Amino acid sequence: MTAHEFTLIVFVISISAGLLGALTGLGGGIVVTPALTLLLGVDIRYAIGASLVSVVATSSGAAAAYVRDGLSNIRIGMFLEMATTVGAICGAYLASKLPTNALAILFGLVLLHSAWQVVQAKRQQNREQQHDPLANKLQLGGVFRSAEGAIDYRVSRAKSGFGLMYVAGVVSGMLGIGSGALKVIAMDSIMGIPFKVSTATSSFMIGVTGVASAAIYLKRGYIHPVIALPVMLGVLVGSTLGAKLLPHLPVKTLRRIFAIAVAFIAIQMITHGVRGRI
């Protein structure tokens, strides 16, 4: 395979990954790394490095749109980003020390969890908000506008959310994904933040988390331009296309199809990791 053919194949794969990631809300990184590793035989650390670059590029555009629309809570994002950034640096460091088959198995387990998250119905439940002195002191609450009008919300269990954000950062740094699912779970289920605000704020945070861990991968030489550039451009094109198609497609069906595909990839990653083929 020539370099031009390799670049074209990576670009096409990345477009598909960005499209599926945008339609499911998980981001293209969750597909790019296993696709490069299983289909093209790319070393998993180089695949993770390229995925991190794409995560930074695609999240920047989405974050700007969410901030403009007033959905992102900047105070919450900056508060939680301290934990995810430290976690991302630790995760990137650990990834350089772990054998590739261990990374493959861990990635497969995270993929299985992501597949389960995709098929779950996202319901905005009425929660009884607990009084949180830390959240009140930092003024983490806010207002966002919806079809029903302006909605006020408060934040609870800020310390628990902060701790889970560190775990999300470690996962992101180790596996080259935005770990948006973990971040949304922390904000939506634990801290009681409305789901739309959680999703928008997660997108705002993902780029910073990606930069922190990508710097470690770059220093160790795991970001190769021949791989990273077509991945970044492809995921960007695919995610833009997915954002335009999302309102017109049966998302529930797409999510189920995506979940089945991700689960299959996860099993392949785990199997190859156990057998030492990666």
From ALA17, ALA92, ALA88, residue being at pLDDT 80 or above, under 16 Å from TYR217 (Cβ atoms) and within 14 Å of the chain's Cα centre (by Cα): ALA88
Selection within the stretch 87-104 - buried (at least 18 other Cβ atoms within 10 Å of the Cβ), within 17 Å of TYR46 (Cβ to Cβ) and touching a Phe, Trp or Tyr at 6+ places or on another chain (Cβ under 9 Å): ALA92, ALA95
Residues of the stretch 29-55 satisfying the condition of being charged (D, E, K, R) and either part of a helix (DSSP H, G or I) or free of Cβ contacts under 8 Å to residues at least 24 places away in the same chain (or both): ARG45
Qualifying positions in the stretch 65-85 - at pLDDT below 85 and hydrophobic (A, V, I, L, M, F, W, C): ALA65, VAL67, LEU71, ILE74
Residues located in the stretch 64-85, provided they are among the aromatic types (Phe, Trp, Tyr) and either more than 23 Å from VAL197 (Cα to Cα) or under 18 Å from the mean Cα position of the chain (by Cα) (or both): TYR66
Residue among LEU229, LEU218, LEU182 that alone is assigned to a helix (DSSP H, G or I) and surrounded by 21 or more Cβ atoms within 10 Å (Cβ to Cβ): LEU182
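The values are calculated or read from the model by the stated rules, or taken from the named source; none is laboratory data. Source: prediction; values computed, not measured. As a convention, Cβ positions derive from the backbone with ideal geometry for all residues, glycine included, and neighbour counts pool all protein chains shown.
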